[in-house]
Amino acid sequence: MTRVVPPVGCSEDFLSVVPTEEEIARSLDALLELKNELGLRVGILEPYPHCFLARSLRFAEFLGMRCTAGVLSLAIGADGLVRPCPHMNRTYGNVLEIGLGRIWRRMEEWRDGAFLPKECLDCEAVAACGGGCRVNALLDRGKLNDMDPLASPARSGHVRLLLRARARAATSRSGALPPLMSYAPSSMFRREAFGGIVGLGPRNVVFLKRGSYLAALQLARQRAFSLSDAVGLFGMPQKEATAFLTTLLDRGIIRAEERG
């Protein structure tokens with residue numbers, strides 16, 4: 001399911017058909033019913049703020065998607081103009097005139113938190129959530145660094161419960177982790193202002209806060225590692241470390257290491 005993200009500068013007629021918060025919540029409930037009744041694999045293609053998903057623990061199913069505009073992805077128009085997001089009207093240069101690397105560096109403000117409101121910067125889930133959609137914030141509130149219209153700071157206290165619900169689901173799904181694990185050879189690591197990114201490509205990444213990213217780097221320096229190694233480096237309870245490693249296993253970022 002894809003969230004509606006109108007392009008900047010769209011007409012009032014287009015904005016009038018954007019679903020309400022309640023309609024979006026009902027659509028997510030319908031997706032979960034399809035999964036339970038028909039065994040379908042369901043998901044979302046556009047980011048929802050974690051504090052919106054926190055309205056129901058059932059929505060822990062939809063965690064893991066955040067906006068990658070200017071962080072992992074960009075859009076190049078037929079005229080060569082480069083935008084962080086295809087829905088944005090702001091451009092950062094023309095790839096036909098200057099190098100893409102120079103344009104990417106101009107987009108640093110999309111990676112350093114400049115476009116996130118204080119409520120998001122203070123939230124423990126900011127690295128994984130990313131504050132929702134900046135274009136929707138601009139269209140609804142008039143500023144890129146304002147709140148996503150679906151965000152609810154009053155619900156921020158429920159975000160931790162949502163994250164725990166997802167961790168419990170991952171732990172119950174995983175069973176026993178392999179005794180030894182290692183990162184896939186093509187795994188990538190990139191430091192960012194919020195912490196860092198670990199993944200295999202732009203659509204298969206995990207966003208980590210600074211402490212977790214540094215621990216993930218330390219694990220990568222070992223030829224193989226175990227759950228106890230991760231517990232020690234991350235300084236988290238075993239259940240949470242198990243859920244974290246299960247997520248990486250599910251995405252193919254780490255894999256079972258054969259005993260030599």
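A few notes on this one:
- Largest mean-square fluctuation among 100, 57, 139, in a Gaussian network model of the chain whose springs join Cα atoms under 10 Å apart, belongs to 100.
- Compactness of the range 1-113, expressed as Rg and Dmax over alpha-carbon positions, Å: 17.5, 54
- Cα-based reach from residue 118 at 14 Å (exclusive), listing aspartates and glutamates while leaving out same-chain residues under 8 positions away: 146, 148
- Distances between every pair of Cα atoms in the range 174-241, grouped in 10 Å steps from 0 to the bin holding the largest one, split as 20, 52, 27, 1 percent.
- q = 0.18 Å⁻¹, the range 52-165: log10 I(q)/I(0) [Debye, one scatterer per Cα]: -0.90
- The accessible surface of the range 39-194, taken with every protein chain in place and a 1.4 Å probe, is 53 percent carbon and sulfur.
- Ratio of Rg to Rh for the range 22-83: 1.13 [Cα atoms; Kirkwood radius as inverse mean 1/r over pairs].
- When only Cα pairs below 8 angstrom with a gap of at least 6 residues are kept, the range 120-237 shows a relative contact order of 19 percent.
- Most mobile listed residue (108, 46, 97) in the chain, GNM with C-alpha springs under 10 Å: 97
- Cα pair distances in the chain, grouped into 10 Å bins until the bin that holds the longest one, percent each: 6, 27, 34, 23, 8, 1, 0
- Annotation: amide H-H contacts under 5 Å for residue 254 (H modelled 1.01 Å from N, sequence separation of 5 or more, or interchain): 184, 249.
- When the chain is treated as a Gaussian network with alpha carbon springs shorter than 10 Å, the biggest mean-square fluctuation among 125, 176, 137 belongs to 176.
- Calculated [θ] (222 nm, deg cm²/dmol) that DSSP helices of n ≥ 4 give over the chain, each run adding -39,500 (n - 2.57): -10500 deg cm²/dmol
- Gyration tensor analysis over the Cα atoms of the range 132-260 returns equivalent ellipsoid semi-axes of 31, 18, 13 Å (largest first, whole Å).
The values are calculated or read from the model by the stated rules, or taken from the named source; none is laboratory data. This structure is a prediction, so every number in the text was calculated from the model and none was measured. Remember, those area values only see protein heavy atoms, side chains included, never the ligands or the DNA or RNA. Shrake-Rupley method; radii C 1.70, N 1.55, O 1.52, S 1.80 Å.
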